[in-house]
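Q: Right, I'll just put the structure down here and ask away after.
The values are calculated or read from the model by the stated rules, or taken from the named source; none is laboratory data. This one's a predicted model, so the numbers in the text were calculated from it and none came from an experiment. Ideal geometry is used to build each Cβ from the backbone, glycine not excepted, and the neighbour counts take in all protein chains shown. With ligands, DNA and RNA removed, areas are computed over all heavy atoms of the protein, side chains included. Shrake-Rupley method; radii C 1.70, N 1.55, O 1.52, S 1.80 Å.
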Amino acid sequence: MSRGIVIFVEGYSEMEFYAKLRDQIRSYIPQQRFKVDTLILKNLKGIGNYKTTIKRIFQEIIRQNPGVSFTVFLCYDTDVFEYSTKPIVNWSEVEKDLKAWGAKKIFHIKAKRSIEDWFLLDEGGILHYLNLSKGTKVSKNGGTKTIETLFKKGGKVYIKGSTRGFVDSLDIKLIMNNICPELKNLCKDLGVKCNDNNRKCT
């Protein structure tokens, strides 16, 4: 049986980021060939759609790829869960359903608070993109509001989900090396060892 991976993300910014991440991981692999035969990246267009949309999309993927055993990666920001009294998504139910529909393994990739905090790991790249000096003050609070403030200083407006050009300007390798623990299962399944101690992929 062939092996495959499905990466579910919650929005357009995440789609751009994980597409670049995929290409960066590929560059580490000899002959640039993943250990899996099929790699699919899907945008659920909102965290609430994890429950309502994932069934339809995953079942369609299974139907279109007979004979492929899929591992599923669920990628999302944690902020909506940290500040919610009632969980928006019941992950146990989502996992149970995915396994019932044929998923072999399921992993979660959580962007602490928001993916914007990951973007801010490349502070220099953001300042360069916005034509701001290296001495520009960057709030240590992080998150979307910090990026919105920087964009305003640079005469631009940051709209989550509309980041074309911005995400492409970021140093994905730098960001990747700083979030090794979150990515190690994905890297391993694709054929790259993630060294948590040295904070880099090998």
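Q: How large is the accessible surface of Val138 in square angstrom, using a 1.4 angstrom probe and rounding to the nearest 10?
A: 20 Å²
Q: Can you give the accessible area of Ser92, probe radius 1.4 Å, in Å² rounded to 10?
A: Solvent-accessible area, nearest 10 Å²: 90 Å².
Q: Semi-axes of the equivalent ellipsoid of the stretch 82-181: what are they in whole Å, largest first, if each equals the square root of 5 times a C-alpha gyration tensor eigenvalue?
A: For the stretch 82-181, the ellipsoid semi-axes come out as 32, 16, 12 Å.
Q: Give the accessible surface of the chain per residue, rounded to a whole number of Å², with probe radius 1.4 Å and ligands, DNA and RNA excluded.
A: Per residue, the chain has an accessible area of 54 Å².
Q: Also, quick follow-up: Under the Kirkwood approximation applied to all pairs of distinct alpha-carbon atoms, what is the hydrodynamic radius of the stretch 152-193 in Å?
A: 12.6 Å
Q: Evaluate E = 1/(1 + (r/R0)^6) for Asp168 and Glu148, where r is the Cβ-Cβ distance and R0 equals 22 Å; express this FRET efficiency to the nearest 0.05.
A: Calculated transfer efficiency: 0.70.
Q: Out of Ala19, Ala111, Ala100, any idea which swings most in a Gaussian network model of the chain, alpha carbons joined below 10 Å?
A: Maximum among the listed residues: Ala100.
Q: Using a cut-off of 15 Å between beta-carbons, work out the net charge of the residues near Ser139 (Lys and Arg +1, Asp and Glu -1, Ser139 not included).
A: +2
Q: Which pairs, out of Lys137/Lys173; Lys51/Lys99; Lys20/Lys193, put more than 20 Å between their alpha-carbon atoms?
A: The pairs that break the limit, which is 20 Å between Cα atoms, are Lys137/Lys173.
Q: In the Gaussian network model of the chain, springs joining C-alpha atoms below 10 Å, which of Leu190, Leu130, Leu74 carries the largest mean-square fluctuation?
A: Maximum fluctuation in the GNM of the chain, among the listed residues, is at Leu130.
Q: A follow-up question, please. In terms of solvent-accessible area of protein heavy atoms at a 1.4 angstrom probe, what is the ranking of Arg113, Arg63, Arg164, Arg33, highest value first?
A: Of Arg113, Arg63, Arg164, Arg33, the descending order of accessible area is Arg164, Arg33, Arg63, Arg113.
Q: Still on this structure: Give me the percent of the accessible area of the chain that comes from carbon and sulfur atoms, probe 1.4 Å, all protein chains in place.
A: Ligands and nucleic acids excluded, carbon and sulfur give 47 percent.
Q: With the cut-off at 1.5 for a/c, could you classify the stretch 20-139 from its C-alpha gyration tensor as rounded, prolate or oblate?
A: It comes out oblate by the Cα gyration axes.
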